[in-house]
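For reference, the structure discussed in these notes is given below.
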Amino acid sequence: MSDTNGPRALLARIRAWLIAFVVCLVLSGATAFPLVTELRLLDSALTGWAAPVADLLPGLAEWIHRVREGVATADAQAPYLLYGTDWLAFAHLVIAVAFYGPYRDPVRNIWVVEFGMIACVGIVPLALICGPIRDIPFWWSVIDMSFGVIGILPLLHVRKLIKRLEAAHSGRP
């Protein structure tokens, strides 16, 4: 009979959560590379097969169209501006690599998980400050903030599991 709360089981759960978090981080970063294509496809979908969504949420459809036009214009007239989103994508990938540390040795590298938690918290003031400066609709800032709120949840759980693993290794209850 295996112990579901023993060190091996805790390590397996920590690693599973870290893998899920890293996959989401990589996917969110990778989507920053093909912005022009993604927005073209999304805008086309909202005027095509996803038109019922556009009818239900006209503000969203208008916003996607506006962003598509802006990104397409930037791509045509000043493609170097999109280089910033390439760096955004790269940052996601680099941060994802950092999570190999806690995957390998969670107790020693708990600081990476805590760093990720701080980054998630930092999303909220960034969206609240920079959103209005960049003329981003508030509802879109709420979507951006949700990445921090959703992202911190698995990290809080992983941190709790790491603390339990640390206690198990030290013999503490």
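Here are a few things to note about the model shown:
- Search result, residues across segment 1-18 that are farther than 19 Å from residue 94 by Cα and surrounded by 15 or more Cβ atoms within 10 Å (Cβ to Cβ): 9, 10, 11, 13, 14
- Count - residues of segment 1-48 that are touching a residue at least 60 places away in the same chain (Cβ under 8 Å), more than 28 Å from residue 87 (Cβ to Cβ) and of a type in the set (Gly, Ala, Ser): 1
- Residue 121 touching a residue at least 12 places away in the same chain (Cβ under 8 Å), farther than 18 Å from residue 140 by Cβ and either part of a helix (DSSP H, G or I) or charged (D, E, K, R) (or both): yes
- Selection within segment 132-147 - of a type in the set (A, V, I, L, M) and either closer than 18 Å to residue 119 by Cβ or more than 19 Å from the chain's Cα centre (by Cα) (or both): 133, 143, 145
Residues checked against (1) open to solvent by 70 Å² or more (accessible area, probe 1.4 Å); (2) among the aliphatic types (A, V, I, L, M); (3) assigned to a helix (DSSP H, G or I); (4) out of contact with any Cys (no Cβ under 7 Å at 6 or more places or on another chain):
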| site | (1), (2), (3), (4) |
| --- | --- |
| 129 | yes, yes, yes, yes |
| 135 | yes, no, no, yes |
| 142 | no, yes, yes, yes |
| 148 | no, no, yes, no |
| 151 | no, no, yes, no |
| 167 | no, yes, yes, yes |
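- The set of residues in segment 97-127 being open to solvent by less than 90 Å² (accessible area, probe 1.4 Å), hydrophobic (A, V, I, L, M, F, W, C) and more than 28 Å from residue 63 (Cβ to Cβ) consists of 98, 99, 107, 110, 112, 113, 117.
- Number of residues in segment 19-45 that are of a type outside the set (Ser, Thr, Tyr), surrounded by 14 or more Cβ atoms within 10 Å (Cβ to Cβ) and part of a helix (DSSP H, G or I) equals 14.
The rows are residues; the columns are (1) in contact with a Leu (Cβ under 7 Å, 6 or more places away or on another chain); (2) under 30 Å from residue 100 (Cβ atoms); (3) surrounded by 13 or more Cβ atoms within 10 Å (Cβ to Cβ).
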site: 67; (1), (2), (3): yes, no, yes
site: 76; (1), (2), (3): no, no, no
site: 80; (1), (2), (3): no, no, no
site: 84; (1), (2), (3): no, yes, no
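The values are calculated or read from the model by the stated rules, or taken from the named source; none is laboratory data. Remember, it's a predicted structure, so these values are computed and weren't measured experimentally. No Cβ is skipped: glycine too gets one built from the backbone with ideal geometry, and neighbour counts run over all protein chains shown. Accessible surface is based on the protein model in full, side chains and every heavy atom, while ligands, DNA and RNA are left aside. Shrake-Rupley method; radii C 1.70, N 1.55, O 1.52, S 1.80 Å.
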